[in-house]
Amino acid sequence: MKKFVITTDYTCDIYPEFFEENNIVRVVMPITIDGEEYDLENTKITSKDLYDKMRAGSSCKTSQANQFDAITKFNDLLNEGYDILHLCFSSGVSSTFENFTPTVNELSKKFPDKKIMVVDTLCGSGALGLLLSDCIKLQKDGKTIEEVYSYCEENKLCYSHYYIVQDLTHLKKGGRINAIEATIGTILGIKPVLSLDYAGKINVVGKVRGQKKAFKTMIDMVMKNIIIPENDFIIMAHSDCLDDAKEIGNVLVERTGLEVKYCDLTCIIGSHVGPNTVAVFFKGHERQGQQSLILPFPVSNN
């Protein structure tokens with residue numbers, strides 16, 4: 001069986017040791033803060049520093065995966081005799097997958113006997129981390145690159161995402177909601193529950209007033225949609241609010257019997273959702289569709 005490696009990018013969240021334990025190669029995705037660029041690999045910024053800067057009003061901008069970095073890293077792997085399976089950030093929120101085509105075409109001409117397979121995972125953050133973890137398990141079980149690729153295509157919509165954001169301003173800046181929605185939502189104290197839908201786009205799937213009610217709504221959604229036997233563990237990610245993440249995680253441990261692993265939201269994801277965001281990721285049933293943040297009403301007060 002031909003050897004292959006599984007790669008991804010810097011939108012992937014999982015417990016930090018995982019990347020080193022499994023020698024995961026990641027393609028850089030730069031973030032620019034107040035005009036200074038960080039590629040998160042050679043020029044780094046901690047999550048804590050990022051969120052402190054955002055709280056102070058810093059301007060953040062992200063970029064798609066660096067194709068020069070992809071070519072360099074893939075070229076090295078191909079020279080070492082590996083085929084490559086790359087798990088790409090959702091095309092619903094990034095053009096990275098689309099822009100990988102010329103990279104793959106260029107390298108395929110140079111290495112005609114090698115396979116480069118790129119998956120539009122329709123996932124991000126901890127869901128991408130869970131998918132990566134499952135792919136590594138399949139690889140260790142002896143599955144071929146084609147079999148792991150097929151698994152991704154057949155199962156990627158089973159990986160669920162739920163986010164609760166603290167400040168609607170960052171969603172407005174990222175174009176996820178409009179200015180009117182952000183203003184009215186802030187005045188009314190609305191806490192949206194966000195998810196990625198079947199097209200890999202970020203959408204509102206719930207809206208309540210107040211943080212405690214938002215936490216309860218998130219937990220209820222997880223319990224409704226999770227398939228407990230399909231999960232080895234749940235990922236709780238956060239943007240500098242570990243206590244909030246543990247408040248939700250402790251309930252999920254009690255209700256599901258599963259281990260919860262905690263991690264920081266990657267700087268790429270965090271720059272769009274802002275500080276004090278909590279997120280949960282797991283394998284479950286079919287993803288939900290879109291709601292408007294403000295309309296239709298009512299907002300849940302339960």
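The values are calculated or read from the model by the stated rules, or taken from the named source; none is laboratory data. Fair warning: this is a prediction, and the values are worked out from it, not measured in the lab. With ideal geometry, Cβ positions are generated from the backbone for all residues, glycine too; neighbour counts draw on all protein chains shown. The accessibility values were calculated without ligands, DNA or RNA, using every heavy atom of the protein model including side chains. Shrake-Rupley method; radii C 1.70, N 1.55, O 1.52, S 1.80 Å.
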Can you tell me the orientation of helix 179-188 relative to the chain, as the angle in degrees between its alpha-carbon axis and the longest Cα principal axis, to the nearest 10? 50 degrees
Whole-Hz ³J(HN,Hα) for each residue in region 236-247, computed from phi via Karplus 6.51 cos²θ - 1.76 cosθ + 1.60 with θ = phi - 60°, x for glycine and proline: what do you get? 10, 10, 8, 10, 6, 8, 4, 4, 5, 4, 5, 4
Relative contact order (percent, whole number), region 222-293, Cα cutoff 8 Å, 6+ residue spacing: 47 percent
So what is the calculated 222 nm ellipticity per residue for the chain, using -39500 (n - 2.57) for each DSSP H run with n of 4 or more, over all residues, to the nearest 500 deg cm²/dmol? -12500 deg cm²/dmol
Mind scanning Lys3/Lys109; Lys207/Lys246; Lys110/Lys140; Lys201/Lys261; Lys61/Lys207; Lys48/Lys246 and naming the pairs with a C-alpha gap bigger than 23 Å? Lys110/Lys140; Lys201/Lys261; Lys61/Lys207
Helix 145-155 sits at what angle to the longest principal axis of the chain, using alpha carbons and giving 0 to 90 degrees rounded to 10? 20 degrees
If amide hydrogens are placed 1.01 Å from N in the peptide plane, which non-local residues have theirs closer than 5 Å to the one on Tyr162? Val280
By how many degrees, 0 to 90 and rounded to 10, does the Cα axis of helix 67-79 deviate from the longest principal axis of the chain? 40 degrees
Per residue solvent-accessible surface (Å²) - the chain, probe of 1.4 Å: 44 Å²
Can you send over the carbon and sulfur percentage of the accessible area for the chain, probe radius 1.4 Å, protein chains only? 50 percent
How many nm is it between the label spots at Val253 and Lys224, if each spot is 7 Å from the Cα in line with the beta carbon? 2.6 nm
Once the cut-off is 20 Å, how many percent of the Cα-Cα pairs in region 25-140 end up in the long-distance tail? 51 percent
With the contact rule set at Cα under 8 Å and sequence spacing of 6 or more, what percent relative contact order holds for the chain? 22 percent
Normalised per residue, the volume of the convex hull around the Cα set of the chain (Å³): 125 Å³
Quick one: Karplus J couplings for region 44-53, per residue in order, coefficients 6.51, -1.76, 1.60, θ = phi - 60°, nearest Hz, x for Gly and Pro? 10, 9, 6, 4, 4, 5, 4, 6, 5, 5
Which aspartates and glutamates have a Cα less than 13 Å from the Cα of Lys216, not counting those fewer than 8 places away in the same chain? Asp244, Glu247
